[in-house]
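Data block below; observations after.
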Amino acid sequence: MLDQGAPPHNGSPAAPPSPGAGARLMRRKPVERLVAEGGQGEGGSLRRSLGLWQLTMISIGATLGTGIFVVLGEAVPKAGPAVTLSFVIAGLTALFSALSYAELAGTIPVSGSSYSYAYATMGELIAWVCGWCLMLEYGVSVAAVAVGWGEYLNELLDGTIGVTIPAALSAPPGDGGVFNLPALIVVLLAMAFLMGGARESARANTIMVVVKIGALVLFCAIGVQGFRSGNYENFMPLGMAGVSAAGATLFFSYIGFDAASTAGEEARNAQRDLPRAILLSLAIITALYVLVAAVAVGAKPWQDFTDSEAALAQIMSEVTGQTFWGTLLAFCAVIAIASVVLTVLYGQTRILFAMSRDGLVPKAFGRVSPKTGTPRTNTLIVSLFCGVLAAAIPLGQLADATSIGTLFAFALVNVAVVVLRRSRPDMPRTFRVPLSPLLPALGLAFCLWMMGSLSTVTWVVFGVWMAVGLVFYFLYGYRRSRLAAPATSEAK
């Protein structure tokens, strides 16, 4: 007898029920699928050509730039000679998140960085929010750094040949100019290197990183000649509160160490080298920062520091009595900032590449040139956007949005480590965060604390950016996501 309550049989199995909207928003992409798809794009694949040295240089290139050349004049008045301690505190704060990045980069070695880590652990909506934050971080950062490059270029030209670029061509509308040509030029130069291939751009970046590390070592060699131990007699004149305030300012000099994680699909041995590159770059950067700060304060009384972009150049000129060394440092600063533009632009294109492969942004961002093994269309679009943003729009406080986007992404990475440890405890890991979940929890707490210290205007900009991102996701990514197909419903 037939079951009277059964549906009529039509010869084909019943279709599985489609997941609800909430389940679709929380769908996760299995780690195995993330890794299996690594390197594959529309029409070609990325080339694995980067070793530990190049990966480390990418992270140093993205981090060691405007910070150390500008930040001392801003931080020393807050902490006094104890600014060296502030650098250590800021470095330890960055280390908590760096450990989490190192574990996930070795476990999920793909181009998407924290976007992909969030996709594997917290679901598509959180991954989209993280990726959207990274677009804010990298896009605005490229534009802001490009503007700074133009300012240093003017200083260099003035110090060498006594000529400066007219304000009309070196500042955007609203800042006393018409079009910031130097900012556009440095972005286009970076684009040209990236178009040539990952290995070629990594080689150019390595040369620039060696130049700027050499410049900081040269500063220490010259600055130590003017060292006066009396400058350290009152080591902490403004107390621990001053040290903490300076540390919060200096933390943003460490942003960029995660850049190597965006090269996961172009590393020859990603699982081994990515964790090493992230931690090694952070160690090198922290050592340089502390050494430069110690020499600078020893050569110049802390009360004489002002909020000047040329603090290091001024010290070199004062110690030697010659302007040549300050001009040489300005030249090295131009090189240093150019490498930041190159590596940050690289990271932006690789994150968009990963998002395009998942269907959340248009396919154009995932097309790979079979000739160079790079996402050339992606690179062209991103470079032109960032170049025009830097050249034609006064960024002002919008540049602070870089910090909040970065901190939000860092916070999610610390959460992702703990989630993946619990959901996939047996997964092979080439590096493990010690004392987990304590250290990831500290990393999360520090990120939230730093975010809370940012201005209201920055939070408003962040809120507007998030609202725009969510609108784009629900109109485009939600429907076009490759995980939306029934065949991929294993991502739960």
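No lab work stands behind these numbers, since they all come straight from the coordinates. The structure displayed is predicted, hence computed values, not measured ones. Virtual Cβ from ideal backbone geometry, glycine too; neighbours counted across all protein chains shown.
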Next item on the list: Give the residue from 109, 428, 415 lying farthest towards the positive end of the charge dipole for the chain; charges sit on Cβ (+1 for Lys and Arg, -1 for Asp and Glu) and the dipole is referred to the Cα centre.
Entry: 428
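Among 150-162, 371-383, 95-107, how do they line up by average Cβ neighbours within 10 Å per residue, starting with the highest?
Details: 150-162: 17.5, 371-383: 21.2, 95-107: 27.4.
For the peptides 150-162, 371-383, 95-107, the packing ranking is 95-107, 371-383, 150-162.
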Margin query: As I understand it, the dipole of the chain uses +1 on the Cβ of Lys and Arg and -1 on the Cβ of Asp and Glu, about the Cα centre. Which of 204, 35, 306 lies farthest toward its positive end?
Written below: 35
Margin query: Beyond a 27 Å Cα-Cα separation, which of these cross-linked pairs lie in this structure: 29/371; 212/371; 29/363?
Written below: 29/371; 212/371
Checklist line | Mean ellipticity per residue at 222 nm, deg cm²/dmol - from DSSP H runs of n ≥ 4 across the chain, formula -39500 (n - 2.57) | finding: -21000 deg cm²/dmol
Notebook entry, point to check: Residue by residue through the stretch 164-175, which ³J(HN,Hα) values in whole Hz follow from phi under the Karplus form 6.51 cos²θ - 1.76 cosθ + 1.60 (θ = phi - 60°), with glycine and proline marked x?
Noted result: 10, 6, x, 4, 4, 10, 10, 8, x, x, x, 10
Margin query: If the only charges are +1 at each Lys and Arg Cβ and -1 at each Asp and Glu Cβ, what is the size of the charge dipole of the chain around the Cα centre, to the nearest 20 debye?
Written below: 1700 debye
Note to self: Residue by residue through the stretch 326-333, what is 3J(HN,Hα) from phi via Karplus (6.51 cos²θ - 1.76 cosθ + 1.60, θ = phi - 60°)? Round to whole Hz and write x for glycine and proline.
What the structure shows: x, 5, 4, 5, 4, 4, 5, 5
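Find the relative contact order for the stretch 129-205 and round it to a whole percent, using C-alpha pairs within less than 8 Å whose residues are 6+ positions apart. Please report the intermediate quantities before stating the final value.
Working: 62 pairs, mean separation 17.1, N = 77.
Taking the mean separation of contacting Cα pairs over the length of the stretch 129-205, I get 22 percent.
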Item checked: Rough spin-label spacing in nm, given labels placed 7 Å along Cα→Cβ, for residue 241 and residue 323 -> 4.2 nm
Next item on the list: Kindly express, to the nearest 10 degrees and within the range 0 to 90, the angle between helix 83-107's C-alpha long axis and the longest C-alpha principal axis of the chain.
Entry: 30 degrees
Checklist line | Under 18 Å from the Cα of residue 78 - lysines, other chains or at least 8 residues apart | finding: 300
Next item on the list: Please tell me the relative contact order of the stretch 69-220 in percent, rounded to the nearest whole number, where contacts are Cα pairs under 8 Å and at least six residues apart.
Entry: 10 percent
Note to self: Tell me the angle of helix 438-452 to the major Cα principal axis of the chain, expressed in degrees between 0 and 90 and rounded to the nearest ten.
What the structure shows: 70 degrees
Note to self: Going by amide H atoms built from the backbone, whose H comes under 5 Å of the H on residue 367, apart from near neighbours?
What the structure shows: 42, 378
Check: Most exposed first by the Cβ proxy, i.e. fewest other Cβ within 10 Å, how do 191, 135, 57 rank?
Finding: 135, 191, 57
Item checked: Crossing angle, helix 124-161 versus the chain [Cα axis fit, 0-90 degrees, rounded to tens] -> 20 degrees
Note to self: Under 5 Å between amide hydrogens, which residues at least 5 positions from residue 50 or on another chain qualify, with H placed 1.01 Å from N in the peptide plane?
What the structure shows: 267, 268
Next item on the list: Choose one of 65, 141, 264: the residue whose Cα lies farthest towards the positive end of the charge dipole of the chain (beta-carbon charges +1 Lys, Arg; -1 Asp, Glu; about the Cα centre).
Entry: 264
Margin query: For the stretch 52-488, what does the relative contact order come out to in percent, with C-alpha contacts under 8 Å and a separation of six or more?
Written below: 34 percent
Check: ³J(HN,Hα) across the stretch 216-231 via Karplus (A = 6.51, B = -1.76, C = 1.60, θ = phi - 60°), whole Hz, x for Gly/Pro?
Finding: 5, 5, 4, 4, 5, 5, 7, x, 5, 5, x, 5, 10, 4, x, 5
